[in-house]
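Taking it in order: structure first as structure tokens, then the write-up.
The values are calculated or read from the model by the stated rules, or taken from the named source; none is laboratory data. It should be emphasised that the depicted structure is a prediction, and the values quoted were computed from it without experimental measurement. Counting neighbours? That spans all protein chains shown, and the Cβs are built from the backbone with ideal geometry, glycine included.
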Amino acid sequence: MADKKVTRRDFVENTTKAALAAAFVAPKFPSIVPRHVLGGPGFQAPSDTLNFAVVGFGGMGSGNANVLAQVENMVAVCDVDLAFADSNVASKEKNRDGSPNAPGVKLREQFNKAKKYTDFREMLDKSKDIDAVIIATADHNHAVIAKAAMQAGKHVYVQKPLTYSVHEARVLGKLAKDNPKLATQMGNQGHSRDGTRSIVEWVQAGVLGDVKEVHVWTNRPVGYWPQAVSRPRQPNANVPAGFGKNFSQGAINNVTAYQLATAQYSMPDGLRWDLYLGGVPEDVPYHPIYHPFNWRGWTDFGVGALGDMGAHLIDQPYWALGLTQPTAIEASASPWGTEPIVPRPTSGPTTKPCTYPMATTVTYDFPARGNKPAVRMYWYDGGILPPRPAMLPDNVQMNPDGGVLFVGTKGVLMHETYGDNPKIYPESAAQAATKVAKSIVRIDTSHEVNWANAAKGKGTTSSPFEYAANLTETMCLGIVALKTGVGRKLVYDAASMTVTNIPEANQYLTRNYRKGWEV
Ligand SMILES: NC(=O)c1ccc[n+]([C@@H]2O[C@H](COP(=O)([O-])OP(=O)(O)OC[C@H]3O[C@@H](n4cnc5c(N)ncnc54)[C@H](O)[C@@H]3O)[C@@H](O)[C@H]2O)c1
């Protein structure tokens, strides 16, 4: 059971009546006077305002903060690279024509007044006014930070993928279950969109008939971030730095790795690389190829294209078909990016993976659920598209950026990333969809505000950990199959969280942690 401390909000909820009286006698707690006492319509009294913190104020964390800072109170910002955090505020302050951008200006005000930290542990220790925390670091530190925040009684919004591993997804899922008062949300914003909700209604109403096959694809990482590259390293006596006459793929990879290491990159001022590494057990030296953004492709920090886009694409079939965990998983892929094992072993492999392959496919087998048949789901990344199902008209293009195809007995449904632009074929099935009632509530705010409202006791979150942890576990299981090796099929027992047929695969359900950063 988590060590749940009393938050400011708990305090407010539990003491409303007493505090209301006390506010007039001893004005020590002005923030707890309800809005209807103080202000007119539209006035947001401090007691209705969420005090939130952001850990990881990079591209996405600053984006999430920008949405929430317009309506709530940002009291703390924690980033191991506060100069980068500041630059992300600066990039939002002006429009392209140089005129002030109102939301960005407000974000700047909030950013400047917020307490600044580089270590989330210090932030949780010192800033006792925090009600809720947005976590948008690189994926490998999501779980350790979210766990600490939840154990300190904070509501949490954790970017997708919720966690780096199956084990971590289980830990956060359990913490959420044990602390039902905490509002939890994964940052898969497509879950809050109308398209996703319509897809779920149509599929569950039976418009497609029985769905036994789903195809999910994305063009990531191609053109977005590097994968299948080796780690920057100095040339050594065994292998020359230049091409010479060797233009094999291996020689080209080596030269790329050497070239990456030849420039001298100094650490940006103020960057706490030790805290960036966090739970990574190895002392990976700083290099700008990791931070910001490109950490995604590196096995130390990210979960590849599947981790990056799965939560925006597997989400819709997962919800619509009521899936939980697969019983079998197999992966196929182009080559990994590798680095030499040091010291060089005298037998066995001499290299180990360091970046994910450029293209991967994963096949998941989900069992029957009640009267719904078993489902086979195919994942494709790196730009590979699925074969066209017979019911998809020849003149309809699959969006190469990413999408999903549900293949049913009466029709197919195709949609884009985030559940956008859903289309049903043939016309008879599309017509049937128009008659399906809107049974799922629509979210009329942003995904971030939906979470903030839930934290304030108004409604529930769209993508709580109860759901998100399962979805993340499935995504991570694809990586387990990939790491176990191509040409193998994993049999998975979700009840015991065990790969039952290949014992060595179980090591990939979790990772080794640096001491003090265990999840
Ligand atoms: N929902 C979406 O559409 C969406 C889009 C982009 C990114 N994301 C997710 O958001 C997260 C961040 O991605 P990004 O693109 O913003 O990456 P980024 O590299 O731009 O930002 C990460 C930030 O975290 C900081 N950081 C790293 N370790 C830290 C630590 N231990 N403590 C405090 N700060 C730390 C870095 O300095 C950086 O500012 C990822 O999980 C990513 O998958 C979601």
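Six or more apart or on different chains, Cβ under 6 Å: which pairs go from a residue in the range 50-66 that's closer than 13 Å to VAL77 by Cβ to one that's assigned to a strand (DSSP E or B) and near the ligand (Cβ under 7 Å from one of its atoms)? Could you list them?
Hits for this filter: VAL55/CYS78.
Where in the range 244-355 are there helices (runs of 4 or more DSSP H), lying fully within it, with 3 or more residues that are crowded, with 18+ Cβ neighbours inside 10 Å and modelled with pLDDT of 95 or more?
The qualifying helices (runs of 4 or more DSSP H) are 273-277, 304-313, 315-320.
Which ones in the range 370-391 are buried (at least 21 other Cβ atoms within 10 Å of the Cβ) and more than 22 Å from the chain's Cα centre (by Cα)?
VAL375
List every residue pair whose Cβ atoms sit under 9 Å apart, with the two residues 6 or more apart in sequence or on different chains, where the first one lies in the range 188-215 and is closer than 24 Å to THR361 by Cα and of a type in the set (S, T, N, Q) and the second, anywhere, is assigned to a helix (DSSP H, G or I) and away from the ligand (no atom under 16 Å from the Cβ).
Cβ pairs passing all conditions: THR196/TRP319; THR196/ALA320.
State the number of residues belonging to the range 385-395 that are more than 12 Å from GLU213 (Cβ to Cβ) and touching a strand residue (DSSP E or B) at 6+ places or on another chain (Cβ under 7 Å).
Just the residues of the range 385-395 that are more than 12 Å from GLU213 (Cβ to Cβ), to begin with: 385, 388, 392-395.
Right, trim to touching a strand residue (DSSP E or B) at 6+ places or on another chain (Cβ under 7 Å) and you get 385, 392-393.
Count: 3.
Can you list the helices (runs of 4 or more DSSP H) found entirely within the range 426-487 that contain at least 3 residues being of a type in the set (Val, Ile, Thr) and in contact with a helix residue (DSSP H, G or I) (Cβ under 8 Å, 6 or more places away or on another chain)? Let's see the steps before the verdict.
Values: elements: 427-434, 447-455, 465-484.
Helices (runs of 4 or more DSSP H) meeting the threshold: 465-484.
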